[in-house]
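Notes to accompany the following structure.
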Amino acid sequence: MWHFSFTVADLDRSVAFYRDLLGFTLVHRQVQDNAYTRRLVGYPDAVLRVAQLSVPGQPRGVSTHDLELVEYVRPRGEPRDPARHLPGAAHLALTVEDARAEHARLAAAGVRFVNAPAEITEGVNRGGYACYFLDPDEITLELVQPPATL
């Protein structure tokens, strides 16, 4: 994997969320206002603000980052329906040691949750816990506490 990316409405707000609340490390910021970017994204007038973040403790390959946050300055987009059941919806799962403690910490900081940590009762992760929550753009994220046996 090189990286994954989310398009966000407000880059500064999203960097604060992923860095300050979720513990990602900010690697680099840049404005992309060039012909290459316009060709890549397919918008002839595109201007992007980009932040690259890494997951602490993950091995670094050629890429210096895991998550890329992109704000389209031009063309501006309207928020889409973020419902998890719609084709094209995605989510990012983050491993935690204690899902209930992380849920409490993030909820106290105002993070919106879909559910409290639920015990996983089926499949290979049986005995663990998981819950969905939303970032500032209503992108679905997941906390996963693997079972003690993994």
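Can you tell which of 121, 99, 67 lies farthest toward the positive end of the dipole of region 1-141, using +1 and -1 charges on the Cβ of basic and acidic side chains (Lys, Arg; Asp, Glu)?
Of 121, 99, 67, it is 67.
Write down the accessible area per residue of region 72-150 in Å², having rolled a 1.4 Å probe over the full set of protein chains.
64
Computed from the coordinates I sent, volume of the Cα convex hull per residue in Å³ equals one of [x] 176; [y] 95; [z] 135. Tell me the label.
Recomputing volume of the Cα convex hull per residue in Å³ here picks out [z].
Given Cβ point charges of +1 (Lys, Arg) and -1 (Asp, Glu) and nothing else, what value in debye, to the nearest 20, does the dipole of region 99-150 about its Cα centre take?
220
Near the amide H of residue 66, under 5 Å away, which other amide H atoms are found, from residues 5 or more places off or on another chain, if H is placed in the peptide plane?
Amide H to amide H, under 5 Å and 5 or more residues apart or across chains, residue 66 pairs with 53, 54, 55.
Where nothing but the Cβ of Lys and Arg (+1) and of Asp and Glu (-1) is charged, how large is the charge dipole of the chain around its Cα centre, in debye to the nearest 20?
Roughly 320 debye, rounded to the nearest 20.
From the backbone phi of region 113-129, what are the Karplus-calculated ³J(HN,Hα) couplings (6.51 cos²θ - 1.76 cosθ + 1.60, θ = phi - 60°) in whole Hz, Gly and Pro given as x?
Once θ is set to phi - 60°, the couplings for region 113-129 become 10, 7, 8, 6, x, 10, 5, 7, 10, 9, x, 5, 9, 3, x, x, 9 Hz.
Based on the Cβ-Cβ distance of residue 35 and residue 60, what FRET efficiency does E = 1/(1 + (r/R0)^6) give at R0 = 22 Å, to the nearest 0.05?
Computed FRET efficiency for residue 35 and residue 60: 0.15.
At a 1.4 Å probe radius, carbon and sulfur cover how many percent of the accessible area of the chain?
54
The values are calculated or read from the model by the stated rules, or taken from the named source; none is laboratory data. In this text, all values refer to a predicted model and were calculated from it rather than measured experimentally. Ideal geometry is used to build each Cβ from the backbone, glycine not excepted, and the neighbour counts take in all protein chains shown. Note: areas computed on protein heavy atoms with side chains; ligands, DNA, RNA excluded. Shrake-Rupley method; radii C 1.70, N 1.55, O 1.52, S 1.80 Å.
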